[in-house]
Each structure stands twice: as C-alpha cells, then as structure tokens.
1. Which percent, nearest 5, of DSSP beta bridges in the chain are antiparallel?
2. Just to be sure I understand the model, the point goes 7 Å from the Cα along the line to the Cβ. What's the resulting ASP51 to SER161 distance in nm?
3. How charged is the neighbourhood of GLN80? Take every other residue with its Cβ under 10 Å from the Cβ of GLN80, and add Lys/Arg as +1 and Asp/Glu as -1.
4. What are the semi-axes of the equivalent ellipsoid for segment 1-160, taken as the square roots of 5 times the Cα gyration tensor eigenvalues, largest first, in whole Å?
5. Using only the Cα atoms of segment 244-339, what do you get for the radius of gyration and for Dmax, in Å?
6. Mind checking the per residue accessible area of segment 300-365 for me, 1.4 Å probe, whole number of Å²?
7. Could you compute the longest span of the chain free of chymotrypsin sites (Phe, Trp or Tyr not before Pro) located in DSSP loops and having at most 16 other Cβ atoms within 10 Å, not counting the site residues?
8. So what are the ³J(HN,Hα) numbers for segment 96-101, from phi and the Karplus equation (6.51, -1.76, 1.60; θ = phi - 60°), rounded to whole Hz, Gly and Pro as x?
Amino acid sequence: MKESYVIAVLPGDGIGPEVMLEAYKILEVINNNLNVKIHTNELPIGGFAIDTCGTPFPKKTLDGCIKSDAILFGSVGGEQWSHLPRDKQPERGALLPLRQFFDLFVNIRPIKLNAALKQLSPLRGRVIKDGFDILCVRELIGGIYFGLPKGRNTFDKKNISAFDTEIYSTKEIERIANIAFKLSLKRKKKVFSIDKANVLESSVLWREVVTKVSKNFPDVQLNHLYVDNAAMQLISNPSQFDVILCSNLFGDILSDECAILTGSIGMLPSASLNKNFFGLFEPAGGSAPNLKGKKLANPIAQILSLSLLLKYSLNLNIIAEYIELAVINTLKKGYRTFDISNGQDYLSTDQMGTKIAQTLSEIIK
Ligand code: NAD
C-alpha cells in the first residue's frame, strides 16, 4: 500500500499559476517513482477567486484546505483588484484569513547558499566564505500588523496623525521562541533573537521571554541582536547565522533582505505553520505582475515550497531532500532562469521546471 496524502493547491494570480505547473511536474515524478501518492485538489484564491466566485477566499476553498494535509500556495494580487476595499483585496482578503483560520503563527524561510553557487549572490566571494544556511523564524499573526488600536487622529485636518500598536504577550513570544529553539536542535544549535530592546518596551519583554525559554534548551546558544545591527551583519557576515528569531515586523524586513542574499527572490520558499505543523507553503515573492505570461518567472521558489511541505507537514524528509538536491544539481549544471542569468542565456519557466524534474528522476532512479 502506498502512503497517501491530499494537498490543496491554490495557484492564485500573476505568475502563481505558471510556477505551480512546474511544481506539478515534480509531484508527477514523485507519484510515478516512489511509494507515496500525493493527490491534489486545486482551488480558487485571491484575484482569480474574486473574478470567478466573487470573493478572494471562497468557502469551497476553505473547506478544501480543511480536508487537506497541507496547502501549496502560489501568490495573489495585482493592480486590477487594487480599487477594492482593502479587506476585499486578494492579499488581505485571502492570505490573512487563511493564516488566522489555521493559526499559522510560525513563518519559516530557509536561506541557503551552496558554495558552488556563490556567483548567484550579490555578495562578494570573501563575504560568502563557504556559503551559508540560515533559517529565519518569524512570528506571523501578532505584533504591529494586527495590534490595536490602529488608526488616525483627524482633530486637526491640516496635520493628521496615524498610529499602529506593536504588542506582544508572554504567551505569543513563548510559543514562537519554543519553535525556534526546537528547530535549532536539528541544526547548529544557535539562535539569534532580533529586537530593538534599547528603545521599544515590547522588545524588552521579547528579550526577557526569549531568555527564559532558552533555559529549557541548555544545548542551544542564544544571542540577542538589535535589528539594525542584524541588518548589517546579514550582509557583512551571513555565515555566522543559524536560526534567526524575529517578530512579525522585523521578520518581514529581514527575511526579504535574506532572500536577496541567495541571488533572487524567485528561489526562496517559505512555510507558515501552526502548532501541529499543518502549513501553507508558498514562494517568498509575490505575484510579479511584471513577469506574468512572459515565461520569465523562476519556478524554484515554488518547487522548494513543495519540498518544505513534504518535510514539515507530511514528514517525508527524504523526498524533500531529493527535491532540494535536484534544484542544486540543476543549477550546478549551469541552467539559469532570466532573473539569475547574464540576460542572454536562460531557460523559460517551463524549461527550468522540466530540467529540475528530469534531474529529480535521475536522483530517484
Ligand atoms: P513581487 O515579489 O511580486 O515582485 C518583486 C520583484 O521580484 C519583481 O521584480 C518581480 O519580477 C521579482 N520576482 C518575484 N518573484 C519572482 C520569480 N519567481 N522569478 C523571478 N522574479 C521574481 O512583489 P511586488 O511587486 O511588491 O508585488 C506584486 C504583487 O504581489 C502585489 O499585488 C502584492 O500585493 C502581491 N504580493 C503577494 C504576496 C503573496 O501572495 N504571498 C506576497 C508579496 C506580494
């Protein structure tokens, strides 16, 4: 009997459906060659769902996600929906409710650069040393993006003020810190906690709670870094890092900085997980409307998102590693998409997906 799983597939908008086709090729290789069957249930989300179902997050999509073992997400958004009220727009109306419904409070982005692929990074070789392997762990459903009150004071129409609230509770910090420490146990056992405790009260609590949680992980080395220093250190000495633990706001900014260290946001996957490791797996980038229909999108972030899904939600670690290896080997053979090319010699989105699928077949056989 084959092990059998169902994943909800939500391609979305822009380049989402294009890069998702390449993830399907990888699934086909797995289903045809390994003792596992991964069924897919494709569902509408984002702008496509607005156009076809009248809402960015239809009930049938939620129901399909509830019945699945994990969610493989493309990307959502585009200019054509920007006139809608904010909570009806693709990102706010689809991604945020999905994260909140499934309590996806952990966001993980692995940022790896293999030494043999140094030339892809905008950093100089002597900074990259032997490559780097960073895991950015970001709190995803708390902090300033959701903190109340937020709004505007309009007492003086000539001088309006606007405000947001950065707020974290002990429990929120404890649960994300626990995940970061647990994940570090399978790595180099170093956690770098990011805050701004020299000026922010919420960061003082963050530092206190993370320090307390660290006492349960005596084998893990904890370092505290101010966010401004962390932003500098990431580009001056990235290989010193292992797990980076961040609040929602700092993680949003630093994880995009990390993304570009490997060469292109088109290569970076991300996972949003709940406490049971049910998750939504998606490329770190957005729907890239500037690339839509041009066959220029890099499918690697979507393919590696599938690899993360297998690793974290389905516990199929070895297959996840095969996929990662297929991507690395394809790049080592010199194949490039436009974003990581010299601008002249490059493969289209579908050609790159086919090359990675072929390399995966060779690895498996
Ligand atoms: P973006 O990530 O879509 O694009 C930023 C840059 O990265 C662009 O130059 C784009 O061409 C490039 N890029 C992104 N993915 C790539 C890939 N796979 N291959 C090659 N290059 C790639 O960000 P943006 O331009 O700020 O946003 C565009 C739309 O995407 C907006 O509507 C935004 O709301 C939405 N968005 C969605 C998500 C999501 O679905 N999770 C995340 C971010 C932005």
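The values are calculated or read from the model by the stated rules, or taken from the named source; none is laboratory data. Note that the coordinates shown come from a computational prediction; the quantities given were computed from them, not determined experimentally. Cβ atoms come from the backbone with ideal geometry, glycine included; neighbour counts cover every protein chain shown. Protein only, heavy atoms only, side chains kept; ligands, DNA and RNA dropped before computing areas. Shrake-Rupley method; radii C 1.70, N 1.55, O 1.52, S 1.80 Å.
1. Of the beta bridges lying entirely in the chain, close to 40 percent run antiparallel.
2. For ASP51 paired with SER161, the spin-label model returns 4.4 nm.
3. In short, -3.
4. Sorted largest first and rounded, they come to 32, 27, 16 Å.
5. 14.1, 39
6. On the way: 2860 Å² over 66 residues.
Heavy-atom accessible area per residue stands at 43 Å².
7. Values: sites that count: PHE146, PHE155, PHE277.
The longest such stretch corresponds to 1-145.
8. Working through the residues one at a time gives 5, x, 4, 4, 6, 4 Hz.
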